[in-house]
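The structure appears right after this line, and notes come after that.
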Amino acid sequence: MTAIIPLFEARGIRKRFPGVIALDGVSAFVNRGEVLAVVGENGAGKSTLMKIMAGVYTLDEGTMLLDGRDISFRNVADALQAGICLIHQELNLAENLDVAANIFLGRERLWGGVFGWLDRRAMAREAASFLSRVGLSPDLVDVQVGQLAPGQKQLVEIARALSLDARLIIMDEPTSSLTSGETERLFEVIDDLRRSGVGIVYISHRLAEVKRVADRVTVLRDGRNAGELERAEVNHDSLVRLMVGRDLKQLQHRTRRLEAPKPLLEIRDLRYRGGPAQGISLTVGAGEIVGMAGLVGAGRTELAEAVFGIRPIVSGEILLNGKTLSIANPGQAVAAGLLLVPEDRRLHGLVLEESVGFNLSLPNLDRLSTRRIVSRSRERTMGLALIERLRIKTPGLGKEVGLLSGGNQQKVVFGKWLARSPSVLILDEPTRGVDVGARGEIYAIIDQLAAAGVGIWMISSDMEEFLGMSDRIVVLHEGKVAGELNHGEFSEEAVMRLATGVS
Ligand SMILES: Nc1ncnc2c1ncn2[C@@H]1O[C@H](COP(=O)(O)OP(=O)(O)OP(=O)(O)O)[C@@H](O)[C@H]1O
Ligand SMILES: [Mg+2]
């Protein structure tokens with residue numbers, strides 16, 4: 001029997017960044033028509049490996065082979081030329097251009113040679129055929145990308161990869177902002193690509209998805225290979241054991257549920273600028289975890305931002321402990337005892353060019369200071385304790401936070417608010433991109449806060465998360481409350497029915 005030559009192979013890859021060895025001799029391969037999942041804790045080196053494969057970073061040591069032959073990339077264009085295409089988690093589309101223009105960005109078809117006009121008809125025709133291959137309607141060719149749902153954007157990126165004749169498509173956490181319907185659609189497209197012989201590398205922290213889609217799994221731990229699993233061996237426990245290096249109980253879910261909590265935060269008939277015409281009402285009780293579900297674009301983040309003073313309120317009332325609040329900016333919200341941990345860490349959650357220590361202590365300066373002088377030793381003790389508690393992977397407090405891996409940045413956002421004791425904590429997608437180990441830790445912390453009487457309003461797109469953690473679930477649809485479910489009524493179907501507006 002002759003050995004199969006993999007489509008792509010990486011051997012002994014090393015990559016060092018200041019203060020960290022991100023990859024310390026990692027090897028991996030992908031066959032034609034195979035989906036290789038790459039999993040590992042936050043900071044394990046997944047994204048770095050993918051960026052090396054796609055020409056974003058150069059490697060320090062190691063070799064890469066395509067069809068069994070040595071290759072090296074100086075840049076992304078070299079990798080694309082070889083048929084390797086990376087779809088970043090923060091998608092790379094131009095929001096203000098239409099779909100066809102995005103698919104052909106940088107290689108526009110010209111009519112009558114180099115000095116000719118853009119051949120829009122030819123581009124639209126070709127773009128339409130790629131759209132149908134990923135299951136999107138060809139009518140979308142002239143729709144602005146900014147108008148599309150996240151799932152559609154993801155599929156447009158794949159259409160673009162196909163138009164580039166990609167033989168290897170790398171997807172880095174493609175489903176972290178997709179709804180379950182959109183995720184299922186993406187899986188169908190992946191199945192299709194697999195049948196046509198394309199190799200796929202798939203990174204995700206959602207282990208159920210990995211089980212669904214992977215033919216084989218490579219596990220990374222601390223920049224090294226921790227092991228490999230064939231399809232039949234893949235399950236939650238085997239994955240976690242290799243990732244974390246020890247057994248981990250299934251995610252701890254909440255058992256303590258309150259009967260009728262005392263209302264803490266009450267939102268009455270609230271309308272905010274740019275929101276729906278109809279007012280929104282919502283109550284969060286003391287010690288209660290209210291999960292807020294809805295499709296992407298249902299207006300969950302916007303509502304939270306309005307309550308937190310980021311979006312101007314048009315009418316309605318917000319009460320805390322029965323007293324009316326007037327909140328015109330986030331500073332007033334914090335002073336009143338409301339905290340928001342935002343969804344988009346890169347925009348609102350962190351000062352990216354500052355250190356981990358700076359970011360962790362920023363909201364806590366008052367309690368770290370005596371007469372306005374910040375105690376460096378208290379700051380350090382608090383910072384190190386948070387790093388330990390949330391398993392933040394960083395060489396130290398001094399590391400620039402923007403250089404941490406995606407999930408570790410999320411942990412810093414969460415950690416910086418932990419030292420405060422709010423009355424109401426609004427969490428917007430608290431575990432997006434966070435690995436299983438830290439996720440369990442975050443759930444335990446949320447549970448403790450609730451037990452101490454904090455009202456928790458948790459916006460989440462992760463079905464398992466809000467079904468497991470909530471005492472009550474409120475579902476938004478097109479900016480309005482579509483319905484509420486009490487604990488006994490929880491089910492995936494019930495949530496989906498409300499979220500999609502099916503009555
Ligand atoms: N540009 C960079 N400069 C400095 N350090 C970096 C850079 N990119 C990554 N690192 C470091 O390399 C290590 C691996 O990061 P990487 O982003 O590959 O992790 P990951 O496995 O993708 O994690 P996550 O699941 O959180 O996305 C981390 O310690 C990270 O801080
Ligand atoms: Mg990553």
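Which one is nearest to Arg391 (Cα to Cα), of the residues in region 204-242 that are assigned to a loop (DSSP other than H, G, I, E, B) and within 16 Å of ligand 2 (Cβ to nearest atom)?
Filtering region 204-242 for residues that are assigned to a loop (DSSP other than H, G, I, E, B) and within 16 Å of ligand 2 (Cβ to nearest atom), the one nearest to Arg391 (Cα to Cα) comes out as Asp222.
Name the single residue that is farthest from ligand 2 (Cβ to nearest atom) among those in region 400-443 being without any contact (Cβ under 8 Å) to a residue 60 or more places away in the chain and under 16 Å from the mean Cα position of the chain (by Cα).
Going through the qualifying residues, I end up with Ile442.
Please go through region 11-48 and give me each residue that is farther than 23 Å from Ala232 by Cα, buried (at least 20 other Cβ atoms within 10 Å of the Cβ) and either of a type in the set (D, E, K, R) or not assigned by TED's automatic domain parsing to the domain that holds Ala79 (or both), ordered by number.
Correct list: Lys15 only.
Run down Glu184, Glu157, Glu188 and say which single residue is closer than 24 Å to Gly55 by Cα and in a helix (DSSP H, G or I).
That would be Glu157, the only listed residue that is closer than 24 Å to Gly55 by Cα and in a helix (DSSP H, G or I).
Go through region 377-415 and give me each residue that's of a type in the set (Ser, Thr, Tyr) and either buried (at least 23 other Cβ atoms within 10 Å of the Cβ) or within 13 Å of ligand 1 (Cβ to nearest atom) (or both).
Filtering region 377-415 for residues of a type in the set (Ser, Thr, Tyr) gives 377, 381, 394, 405.
Thr394, Ser405 - these are the residues of region 377-415 that are of a type in the set (Ser, Thr, Tyr) and either buried (at least 23 other Cβ atoms within 10 Å of the Cβ) or within 13 Å of ligand 1 (Cβ to nearest atom) (or both).
Hey, could you check region 149-196 for residues that are among the basic types (Lys, Arg) and under 14 Å from Leu86 (Cα atoms) and say which is nearest to ligand 2 (Cβ to nearest atom)? Spell out how you get there, then give the answer.
First pass over region 149-196, keeping only residues among the basic types (Lys, Arg): 153, 160, 167, 185, 194-195.
With the extra rule that they be under 14 Å from Leu86 (Cα atoms), the set shrinks to 160, 167.
On the way: Arg160: 21, Arg167: 23 Å.
So the residue we want is Arg160.
Here's the yes/no breakdown for (1) within 16 Å of ligand 1 (Cβ to nearest atom); (2) touching a residue at least 60 places away in the same chain (Cβ under 8 Å); (3) polar (S, T, N, Q):
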{"residue": "Thr63", "(1), (2), (3)": "no, no, yes"}
{"residue": "Phe73", "(1), (2), (3)": "no, no, no"}
{"residue": "Asn92", "(1), (2), (3)": "no, yes, yes"}
{"residue": "Leu97", "(1), (2), (3)": "no, no, no"}
{"residue": "Asn102", "(1), (2), (3)": "no, no, yes"}
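Can you tell me which residue among Thr179, Thr183, Thr175 is β-branched (Val, Ile, Thr), within 16 Å of ligand 1 (Cβ to nearest atom) and under 15 Å from the mean Cα position of the chain (by Cα)? Even if it seems obvious, please write down each step before you answer.
Numbers: Thr179 fails: within 16 Å of ligand 1 (Cβ to nearest atom); Thr183 fails: within 16 Å of ligand 1 (Cβ to nearest atom).
The match here is Thr175.
Which condition from (1) outside any loop (DSSP other than H, G, I, E, B); (2) within 10 Å of ligand 1 (Cβ to nearest atom) is the one that Gly43 breaks?
If we test Gly43 against (1) outside any loop (DSSP other than H, G, I, E, B); (2) within 10 Å of ligand 1 (Cβ to nearest atom), just (1) comes out false.
Could you list, in sequence order, all residues of region 302-341 that are within 27 Å of Leu365 (Cβ to Cβ), of a type in the set (S, T, N, Q) and in contact (Cβ under 8 Å) with a residue 12 or more places away in the chain?
Matches in region 302-341: Asn321, Asn329, Gln332.
Among residues belonging to region 416-438 that are touching a Gly at 6+ places or on another chain (Cβ under 6 Å) and modelled with pLDDT under 90, point out the one that is farthest from ligand 1 (Cβ to nearest atom).
So, considering only residues that are touching a Gly at 6+ places or on another chain (Cβ under 6 Å) and modelled with pLDDT under 90, the one farthest from ligand 1 (Cβ to nearest atom) is Pro422.
Could you list, in sequence order, all residues of region 276-296 that are surrounded by fewer than 21 Cβ atoms within 10 Å (Cβ to Cβ) and either modelled with pLDDT of 90 or more or in contact with a helix residue (DSSP H, G or I) (Cβ under 7 Å, 6 or more places away or on another chain) (or both)?
Of everything in region 276-296, those that are surrounded by fewer than 21 Cβ atoms within 10 Å (Cβ to Cβ) and either modelled with pLDDT of 90 or more or in contact with a helix residue (DSSP H, G or I) (Cβ under 7 Å, 6 or more places away or on another chain) (or both) turn out to be Ser281, Leu282, Thr283, Ala286, Gly287, Val296.
Looking at this structure, is Ile52 aliphatic (A, V, I, L, M), farther than 20 Å from Leu242 by Cβ, within 16 Å of ligand 2 (Cβ to nearest atom) and surrounded by 21 or more Cβ atoms within 10 Å (Cβ to Cβ)?
Taking the combined requirement at face value, the residue satisfies it.
Looking only at residues that are within 21 Å of the chain's Cα centre (by Cα) and charged (D, E, K, R) in region 1-54, which one is farthest from Arg216 (Cα to Cα)?
Lys51
Which ones in region 35-49 are out of contact with any helix residue (DSSP H, G or I) (no Cβ under 7 Å at 6 or more places or on another chain) and away from ligand 2 (no atom under 12 Å from the Cβ)?
Leu36 - this is the single residue of region 35-49 that is out of contact with any helix residue (DSSP H, G or I) (no Cβ under 7 Å at 6 or more places or on another chain) and away from ligand 2 (no atom under 12 Å from the Cβ).
The values are calculated or read from the model by the stated rules, or taken from the named source; none is laboratory data. Note that the structure is predicted; figures quoted are calculated from it, not measured. Here Cβ is always computed from backbone atoms with ideal geometry, including for glycine, and neighbour counts include all displayed protein chains.
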